[in-house]
Structure formats: C-alpha cells, structure tokens
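The values are calculated or read from the model by the stated rules, or taken from the named source; none is laboratory data. Source: prediction; values computed, not measured. Don't worry about glycine lacking a Cβ; one is built from the backbone with ideal geometry, like all the others, and counts go over all protein chains shown. All accessible areas refer to the heavy atoms of the entire protein, side chains included, with ligands and DNA or RNA removed. Shrake-Rupley method; radii C 1.70, N 1.55, O 1.52, S 1.80 Å.
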Amino acid sequence: MRDDKEFEYILNKAVQSHTLDEKEILYLLETKNNKQLFEQADKTRKKYVGDEVHLRALIEFSNYCRQNCVYCGLRRDNSQLTRYRIEPNDIIELAKKTKNYGYKTIVLQSGEDPYYTVEKITKIISEIKYLDIALTLSIGEKTFKEYKAYRDAGADRYLLRIETTDEFLYNKLDPAMSLKNRMQCIEDIKQLGYEVGSGIIAGLPGQTLKSIARDIAYLKSIPVDMAGIGPFIYHPNTPAENIKGNFFELSLKVMAVLRLLMPDINIPATTAMETLNPQGRLIALQSGANVVMPNATETIYRKYYEIYPGKICLGDSPAHCRFCIENKIQSINRYISKGKGFHIRQN
Ligand code: SAH
Ligand code: SF4
C-alpha cells in the first residue's frame, strides 16, 4: 500500500513537473506498475508532440568499423562478417530515391569507416541538402573540426548514443574508447548547433538500473533533442557475455521515463525493440515514442549490417518498408508527419 502511494507520488511529480532526482528515476525503473507508467508516457506524448509520427529513412552505407565495441556485430575483430561500403555517388543516388518515397529526413549511418574522408562526407551532405530534406549523420566519433565541416556543409542532426554513463562498464565494453571523449563529442555536436540525438543500450551485461537512472539524468542534462533506447541483443560473433533475458520491457520503461522527463523531444520506436517483439514499434509508439526509422538500405546490403542478429526486414525493399510502416501507423490511429520533424522546445 505504502509502495503504491510512493509510486503514485513519483509518477505524478514526473507528469506535472517533468523533473525527478536519480533516486526517483530509479524507483520508476524498478516499479512493476509498467502499465500506468506507459499510459502516462503516452498521454504526455500526445499532449506535447501530438499524434503525428516522424519518419527518418535510415541508409546504412558502410559496415566497416575501426572500433571494437564488445557488444556490436560490426566490431573490427568480427572476421566472420562480409564487409561492404557504398560509394559516395551511389549514396547520393540512393538518397534521391529515398526522398521520392516521401521521406523528409534521411539518416546516414555506418561504422567508423575512415574511407569516408571529410571531403567525401561533405560532398554527400551538400548533394543531399539540394533535395530539401533534413539530414542526420550517425557515423561515430570525430574531431571538432570534422563535425564542424559536416555542419557547415548542411548536416542538421547528429546521432551518437552515449551507450552507458557507467565509466567502469564503458571501459570494459568500449575498449580504446573513453566515456570522457564520447561526452566531449556530444558537447561538440551541441555547440555546433546540430540537433543532438543520443541514447543508450538497455540491458548491457553488467549494467545496473542505478546506472540507467544516471544515464537518463545525463540525457536530460545535455539536454538532447532526440533519445533512442535500444534493448541489448546478444551477437554470437562477439565476446559479449550471453546474458539470458529479453530487454524489450526494460527499454520501453527507459523510453517512457524519458518521455515524462523530456516531454517535447523526439523519441524513436527502435528497430531493436521490434526485433525482440513483433509489435515492438507499435507498442513503443503507444508508450511515449513519436518517431520511426524505417530501413531505406537496399536489400542486398541489409543482411551484412548485422549489429545484432535477427534484425527485422532483412529481405524487404525500401519501398516495401515505407508502405508497411504507413499501414502500421494508421492501424493505431496515428498519422505520418508532413514536416521535417525538428524538435520544438516547449518548456
Ligand atoms: N558506429 C556508429 C553508428 C552505428 S552503431 C556509432 O557507434 O555511433 C549504432 C548503434 O547500435 C550503437 O550506438 C549501439 O547503441 C547499437 N548497438 C550496437 N550493438 C548492439 C547490440 N548488440 N544490441 C543492441 N544495440 C546495439
Ligand atoms: Fe563500430 Fe558503432 Fe558498432 Fe561500436 S557500435 S563497433 S562504433 S558500429
């Protein structure tokens, strides 16, 4: 009884003030009252960002990566993966096709691949910007100078997840990378006037709910314009610990708490969520999310962009994914936004 009262108090406080301390965030993460939490996140989503859903077309243009993140299938030491990269001119052509499917935002994502020099990336950016479309980059850690060159060329947003703010865990899971540098990159991106996208993996081996509560507080402190939460999915060709468990529900909870604390930001229903639950993206859209990132990568490359196994839509075409997501969104009485979907601050 007492616990119910405390839960009601904290949930109410989050709904009313959008502010909680780390202990209260932890309380919500530990709660079993998921239904109430998701309902309130859904209401908050509706109140602040409405029923429209922003689509971001994801083009995965290279699976080469110089990093070695322990959990990721694209890591440098995964010798079992067939590597591919799409040439800059072909990326530009693909972007044109993608625009014709009616997308207003393109996300270019890859491993950290030095083949794409600043010259190559800035050329791609300026050509895509001719299409009058918002452009997000998700190509990893770069120097301030590089981020500035991309921004000057016209990139609107940058997506770099913090993954975890637990320094011990970060050092273990992201060898030769540092939490400090990752945070600096996010600061640089913000300072350059990009819309900042970040987020975490929920369910990493060794991660605690306490550290996730700190991650949430960190994302709010930036504050990010977009936060994407992906459940950890074990990849057998990595040295990650194969912990048993499905982190779909946990990632939904993290997402719902973020919606309550940052009511007007963009929050995607992530592909990894749907990998763990066939209705994952629709459930997420009804628990706080307002963005979907359909895959616009050509079918031949999809199976090689294997960050984790079992990814959805591997055999599908970009056209199919566009059509499919529209039907799904309409089936829950939501609609696709006609705008570019920039973050509009409301509080
Ligand atoms: N190289 C870029 C972008 C590609 S990786 C970068 O790292 O920023 C995109 C995201 O995949 C990462 O940010 C990470 O959060 C997620 N990811 C990697 N391995 C994963 C796994 N096993 N399960 C779930 N998400 C994973
Ligand atoms: Fe490379 Fe990104 Fe995977 Fe790390 S998470 S190995 S940086 S693709």
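Every residue in the range 98-130 that is of a type in the set (Val, Ile, Thr), out of contact with any helix residue (DSSP H, G or I) (no Cβ under 7 Å at 6 or more places or on another chain) and open to solvent by 10 Å² or more (accessible area, probe 1.4 Å), please. Show your work before the answer.
Pass one, the range 98-130, residues of a type in the set (Val, Ile, Thr): 98, 105-107, 117-118, 121-122, 124-125, 128.
Those still in the list that are out of contact with any helix residue (DSSP H, G or I) (no Cβ under 7 Å at 6 or more places or on another chain) too: 105, 107, 117.
Of everything in the range 98-130, just one residue is of a type in the set (Val, Ile, Thr), out of contact with any helix residue (DSSP H, G or I) (no Cβ under 7 Å at 6 or more places or on another chain) and open to solvent by 10 Å² or more (accessible area, probe 1.4 Å), namely 117.
When you go through 319, 272 one by one, which is the residue that is part of a helix (DSSP H, G or I) and away from ligand 1 (no atom under 16 Å from the Cβ)?
Numbers: 272 fails: away from ligand 1 (no atom under 16 Å from the Cβ).
Every option except 319 fails the conditions.
Being within 25 Å of residue 197 (Cα to Cα), surrounded by 18 or more Cβ atoms within 10 Å (Cβ to Cβ) and out of contact with any strand residue (DSSP E or B) (no Cβ under 6 Å at 6 or more places or on another chain): is that true of residue 334 here?
Numbers: within 25 Å of residue 197 (Cα to Cα): yes; surrounded by 18 or more Cβ atoms within 10 Å (Cβ to Cβ): yes; out of contact with any strand residue (DSSP E or B) (no Cβ under 6 Å at 6 or more places or on another chain): no.
Here the answer is no, as residue 334 does not meet what is asked.
Residue by residue, here is whether (1) open to solvent by 50 Å² or more (accessible area, probe 1.4 Å); (2) farther than 23 Å from residue 105 by Cα; (3) at pLDDT 95 or above; (4) not charged (D, E, K, R) holds:
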residue	(1), (2), (3), (4)
272	no, no, yes, yes
278	yes, yes, yes, yes
281	no, no, yes, no
285	no, no, yes, yes
289	no, no, yes, yes
293	no, no, yes, yes
297	no, no, yes, yes
305	no, no, yes, yes
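Scan the range 39-55 and report the pairs whose first residue is under 23 Å from residue 106 (Cβ atoms) and whose second residue is of a type outside the set (D, E, K, R) and in a helix (DSSP H, G or I), with Cβ atoms within less than 6 Å and a gap of 6+ or a chain change.
Qualifying pairs under 6 Å: 53/329.
Residue 33 versus (1) within 16 Å of ligand 1 (Cβ to nearest atom); (2) of a type outside the set (Phe, Trp, Tyr); (3) in contact with a helix residue (DSSP H, G or I) (Cβ under 9 Å, 6 or more places away or on another chain): which is the lone unmet condition?
The one condition residue 33 does not meet is (1).
Any residue in the range 59-83 that is without any contact (Cβ under 8 Å) to a residue 24 or more places away in the chain sitting within a Cβ distance under 8 Å of a residue that is among the basic types (Lys, Arg)? List the pairs, counting only those 6 or more apart or interchain.
As it stands, the answer is 76/66, since those pairs meet every condition given.
Condition check ((1) touching a His at 6+ places or on another chain (Cβ under 9 Å); (2) within 13 Å of ligand 2 (Cβ to nearest atom); (3) over 20 Å from residue 57 (Cβ atoms); (4) without any contact (Cβ under 8 Å) to a residue 12 or more places away in the chain) across all residues:
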| site | (1), (2), (3), (4) |
| --- | --- |
| 117 | no, no, yes, yes |
| 126 | no, no, no, no |
| 129 | no, no, no, no |
| 136 | no, no, no, no |
| 139 | no, yes, no, no |
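Just for helices (runs of 4 or more DSSP H) wholly inside the range 1-87: which have at least 2 residues that are under 30 Å from residue 134 (Cα atoms)? It would help to see each step written out before you state the result.
On the way: elements: 2-17, 22-30, 34-49.
Those helices (runs of 4 or more DSSP H) span 34-49.
Is there a residue being under 26 Å from residue 92 (Cα atoms), open to solvent by 60 Å² or more (accessible area, probe 1.4 Å) and touching a residue at least 12 places away in the same chain (Cβ under 8 Å) anywhere in the range 156-176? Please lay out each step first, then the result.
Restricting attention to the range 156-176, the residues satisfying the condition of being under 26 Å from residue 92 (Cα atoms) are 156-161.
Subset that is open to solvent by 60 Å² or more (accessible area, probe 1.4 Å): 161.
Remaining after also requiring touching a residue at least 12 places away in the same chain (Cβ under 8 Å): 161.
Yes - at least one qualifying residue is present in the range 156-176.
Name the residues in the range 193-223 that are of a type in the set (Gly, Ala, Ser) and either more than 18 Å from residue 343 (Cβ to Cβ) or not in a helix (DSSP H, G or I) (or both), would you? Please lay out each step first, then the result.
Filtering the range 193-223 down to residues of a type in the set (Gly, Ala, Ser) leaves 193, 197-199, 202-203, 206, 211, 213, 217, 221.
Selection gives 193, 197, 198, 199, 202, 203, 206, 211, 213, 217.
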